[in-house]
Amino acid sequence: MTRLGRVAVTLVVAVVLVGLTALAAHFLRPLEPYGPAEPERPGPVVIETPTGRAGPGGGLAEDEGESPSPAIEPVAVAKTDGRTKRPGPDTSAPAEVPSPTTTGGQSATGVAPVPAETAAATDEVLQALGMIEDRPVVAQKTLSRALKTGAVGRLDDPVRLAVRQLADRLQLSRTVQPGDLYSKRYTVQSGDNLTAIGQRYLIPYELVMRLNGLPSTAITAGQTLKVIQGPVHLEIVKSRYELRAWLDEVCLRVYPVAIGVNNSTPQGTFIVKNKIRNPPYQPQHKTRAEFRDAGAPDNPLGSRWIDLGNHYGIHGTIEPESIGHDVSEGCIRLLNKDVEELFDLVVVGASKVVIRP
C-alpha cells in the first residue's frame, strides 16, 4: 500500500472512533427527573462585624443594590492590672444635637428623632453654659439640676468644669455675689472664734478660713467674714465613679473616685462620723506588718480620712492611677488634692453621704 493510502486509512479510523465515543456518551448520561430542576439554594450569608461573625438571625441584613449600614463599634472597657475601669467621658468637642423636627419618622438630619424632653434639656444646658458670665446664679441652678436629673448628655465634662468655676465665683470666693442665697456676711462678736462661727453655719472652721483668706484662726470683734449656710452633703454615683458635693440644690464639685471590688462599696445614706488628717492605716483581718503609720509615704489611705462608720470611709490614695477603677475593699478613694479639698467642706455629725448604684 502506498504512503498516501495509509494516511487515508488512518483518517477514516479516527473519524469512526470519534463518532462511537459521542454515541456512547449520549446513551450513558444520567436521566434527569421530570419537571424543572430545583434552583440551587444559596448558603447563609456571613457578615464580618467588629465583634465576630454574624450569620442568619444575627440582626444584620444586606439588601441588593444598597450598602449595609455601618456597624457600631462597641465601647471598649479598659483593663489595667486586672482592674476594670469605666470608660471616661468623651473629651472631644460635643457633637451637635440633632434637631427634633421630623419628616416621616426621621429627623431632618436623617437619623432617628431626638425625644423632645431630651432635646429640650440639652438646649437648656447649652443656654446655661452660655450665661455663666452674665447670669451665674441662674446658670449654676440650671446646671446643678441637669446633673441631678442626668440631663447633661455628652456635655458631662463642660458641665463639671462649669459647676466648679461657678462655685469658686459664688459660694467659695471672698465676695458675696448678688442673688446668691447661700452666701452672707457675718460680723464677729466679742468672744467669737472660728469653730463657734463654723458650728453656727454648719461649715468647718477651715472653710471659714479659706473663704476669707485668713492665715490663722485669730479674729477680732467687729471683723466682717464671709460664710455660707451649710452643711455640704455628698452624693456618690458608683456607676459613674463620681462624688458630687452639694450645698442644698447647687453642686459645688464633681470628683472622680475609685470604689470597691465585687460591689463591696455599700449603698445607702451615711453621716460623716469623724475626720482625720494623715490617718494611720489599720486594715481589718490583716497582719500587723501591713499596718502603716500616719503620714507614712506608703500609707494607702493618703492624706485624709472621712469616716462613714463600720470601717468604711472616703480617703486619699498613693495610687492615683487607681481612680476610676473597682479596687478598694469598699471605701471610696479620691486623689489626695481632691480629698483635702473635700475634707474642708464636710461637717462631722451634719454632712450626709448618699451612695447610689
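The values are calculated or read from the model by the stated rules, or taken from the named source; none is laboratory data. Everything quoted here is computed from the prediction, not taken from an experiment. Glycine also receives a Cβ, built like all others from the backbone with ideal geometry; neighbour counts cover every protein chain displayed.
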Exercise for the section: Select from the range 177-195 the residues that are touching a helix residue (DSSP H, G or I) at 6+ places or on another chain (Cβ under 7 Å), outside any helix (DSSP H, G or I) and within 14 Å of residue 220 (Cα to Cα) and list them in ascending order. Expected result: 186
Completion exercise
Condition set part of a strand (DSSP E or B) and in contact with a Leu (Cβ under 7 Å, 6 or more places away or on another chain), scope the range 315-336, selection farthest from residue 254 (Cα to Cα): answer is 315
Problem - Residue list for the range 173-220, filter: surrounded by 14 or more Cβ atoms within 10 Å (Cβ to Cβ) and among the small types (Gly, Ala, Ser) - result: 173, 183, 198
Handout entry: Residue within the range 337-351 that is within 21 Å of the chain's Cα centre (by Cα), at pLDDT 95 or above and of a type in the set (Val, Ile, Thr) present
Key = yes
Completion exercise
Restricting the range 171-191 to residues that are in contact with a Ser or Thr (Cβ under 7 Å, 6 or more places away or on another chain) and of a type in the set (A, V, I, L, M, F, W, C), the one farthest from residue 138 (Cα to Cα) turns out to be 188
Practice task
Determine whether the range 196-216 contains at least one residue that is out of contact with any Leu (no Cβ under 8 Å at 6 or more places or on another chain), in a helix (DSSP H, G or I), hydrophobic (A, V, I, L, M, F, W, C) and modelled with pLDDT of 95 or more.
Solution key: yes
Completion exercise
Being over 28 Å from residue 180 (Cα atoms), out of contact with any Ser or Thr (no Cβ under 8 Å at 6 or more places or on another chain) and either hydroxyl-bearing (Ser, Thr, Tyr) or surrounded by 15 or more Cβ atoms within 10 Å (Cβ to Cβ) (or both) narrows 279, 297, 256, 283 down to just 279
Exercise for the section: Working carefully through the options 312, 281, find the one that is more than 25 Å from the chain's Cα centre (by Cα) and farther than 26 Å from residue 211 by Cα. Expected result: 281
Fill in the blank from the handout: Taking the range 221-238 and keeping only residues that are farther than 25 Å from residue 273 by Cα and surrounded by fewer than 16 Cβ atoms within 10 Å (Cβ to Cβ), one is left with 221, 222, 223, 224
Exercise for the section: Taking only the range 338-357 into account, find how many residues are of a type in the set (Val, Ile, Thr) and within 15 Å of residue 229 (Cα to Cα). Expected result: 2
